[in-house]
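Reviewing the structure listed below.
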Amino acid sequence: MLGAIAGDIIGSVHEFSRNSDASFPLFVERSCPTDDSLLTWAVAESILRGERNYKPRLVGMIGYYEKHGHDAPLSAAFGSGFSGWVYGGARGERESYGNGSAMRVSPVAWAFDDLETALEHATLSARPSHAHPEGIKGAQAVAAAIWTARKTRNPAAVRAVAENFYGPLPDLEVIRQTHTYNETCQGCVPECLAIAVGTGDFESAVRFAASVRGDADTLAAITGSISQALWGVPQAIREQSLAIAARCYPGLERTVAEFEARFGGY
C-alpha cells in the first residue's frame, strides 16, 4: 500500500509536465498525495472493515476531498469520468478501462494470502467504476504481480505472472523512447510491470516511471506498489511520504500503520 502512496507523492508534481529527467528531487514543497493515494486509502479501509462492497468508500472519497483537500498544495485531480460518475449518482457500474483500477488495487494483494482471493478482490475493487474487461485486467495484473512479489521477492517470477496477462513486456529503453501520455490500463500497466521488474530498487523504479513523459503520478504509484513488494520502500522515503500524507490528509498515515500492522509491509 505504501509503495503506491509514495510513488504517487513523488510523481505528483510531474503529472502533465512531460518530464524526461530521472534525476529530479524526490520530494519538493508541493509534493502531495493525489486521487491515486486517496482511492488506495478507500480500498484499504474497505478491507480493514471487512467489506466486500468497495463502492461506498470509493465514491465517498470525493466528498472527503471536498471537505479536507484545502490543506493539500496540489489538486487531487480525480479523473473527469470518475468524478462525473460520482456526481451523477454513481448509478450502476461504470465501463471504464482507465488506469484508476490499477493504481488503487495494491492493498488487496497484501491482505489475502491466496492468489485466487486476491484476484477476486481486485475485481471487486475495480468493478464499481472500471468494469470494462481491460479495467478488470489491469487491476488483476497488478494485484497478481504484487502478490507474487511479496511471496517470492523474485523479479523473474513477477515477470512471468505479468506476461500471463499482457504477453512479453516492453524493454525499458523502448519505454523511455516511445511512451506518451496515456491514462488507460492497457497503455500503462504493461510498462509499469516492466519498470518494476527491470530496475533493481524502489527509488530507481519510481524515478524511471515518473520520467517517461507520461501520467507520472499514476505510473509511479502503480510501479511503486509492485516495487515495494519486490524491493521494499527505503526508510527515508517511507518517513517522508508518511509525513507528507499526514500533513495533507490526516488519517491516511494511521490507515497505513493499521494496515501494515495487520497485513505486513516491506
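The values are calculated or read from the model by the stated rules, or taken from the named source; none is laboratory data. What you see is a predicted model, and the numbers here were worked out from it, not measured in a lab. Note: ideal-geometry Cβ built from the backbone for every residue, glycine included; neighbour counts use all protein chains shown.
Remarks
- The criterion of being surrounded by fewer than 24 Cβ atoms within 10 Å (Cβ to Cβ), modelled with pLDDT of 95 or more and of a type outside the set (F, W, Y) does not hold for E191.
- Filtering the range 15-45 to residues that are crowded, with 24+ Cβ neighbours inside 10 Å and either modelled with pLDDT under 95 or farther than 20 Å from D71 by Cβ (or both) leaves V43, A44.
- For the range 107-123, residues that are within 19 Å of Q186 (Cβ to Cβ) and of a type in the set (G, A, S) total 1.
- Qualifying residue in the range 48-69 (condition: among the small types (G, A, S) and crowded, with 19+ Cβ neighbours inside 10 Å): no
- Pair list, Cβ < 7 Å and 6+ apart or interchain, from the range 106-119 residues that are within 16 Å of T152 (Cα to Cα) to residues that are surrounded by fewer than 15 Cβ atoms within 10 Å (Cβ to Cβ) and among the small types (G, A, S): W110/G264
- Residues located in the range 98-137, provided they are touching a strand residue (DSSP E or B) at 6+ places or on another chain (Cβ under 8 Å) and within 17 Å of T40 (Cα to Cα): G98, N99, H130, G135
- G187, sole failed condition from (1) under 24 Å from I136 (Cβ atoms); (2) in contact with a Phe, Trp or Tyr (Cβ under 8 Å, 6 or more places away or on another chain): (2)
- Top-ranked residue of the range 195-214 - restricted to ones that are free of Cβ contacts under 8 Å to residues at least 60 places away in the same chain and under 15 Å from the mean Cα position of the chain (by Cα), ranked as surrounded by the fewest Cβ atoms within 10 Å (Cβ to Cβ): A205
- Unique residue being touching a His at 6+ places or on another chain (Cβ under 9 Å), crowded, with 19+ Cβ neighbours inside 10 Å and in a helix (DSSP H, G or I) when the list is A139, A145, A149: A139
- Filtered by the rule that a residue be under 13 Å from the mean Cα position of the chain (by Cα) and part of a helix (DSSP H, G or I), the range 182-194 gives C185, C188, V189, C192, L193.
- Yes/no for S12 being at pLDDT 95 or above, crowded, with 23+ Cβ neighbours inside 10 Å, closer than 30 Å to F112 by Cβ and of a type in the set (S, T, N, Q): yes
- The criterion of being more than 16 Å from the chain's Cα centre (by Cα) and closer than 23 Å to M61 by Cβ holds for Y249.
- Residues located in the range 1-37, provided they are assigned to a helix (DSSP H, G or I), within 23 Å of E173 (Cβ to Cβ) and not β-branched (V, I, T): G7, G11, H14
- Qualifying residue in the range 109-132 (condition: among the aromatic types (F, W, Y), within 14 Å of the chain's Cα centre (by Cα), surrounded by 19 or more Cβ atoms within 10 Å (Cβ to Cβ) and modelled with pLDDT of 95 or more): yes
- Once the range 28-59 is narrowed to residues that are in contact with a helix residue (DSSP H, G or I) (Cβ under 7 Å, 6 or more places away or on another chain) and without any contact (Cβ under 8 Å) to a residue 24 or more places away in the chain, the residue that is farthest from L219 (Cα to Cα) is R57.
- Answer from A72, A90 - the residue that is touching a residue at least 40 places away in the same chain (Cβ under 8 Å) and either surrounded by fewer than 20 Cβ atoms within 10 Å (Cβ to Cβ) or hydrophobic (A, V, I, L, M, F, W, C) (or both): A72
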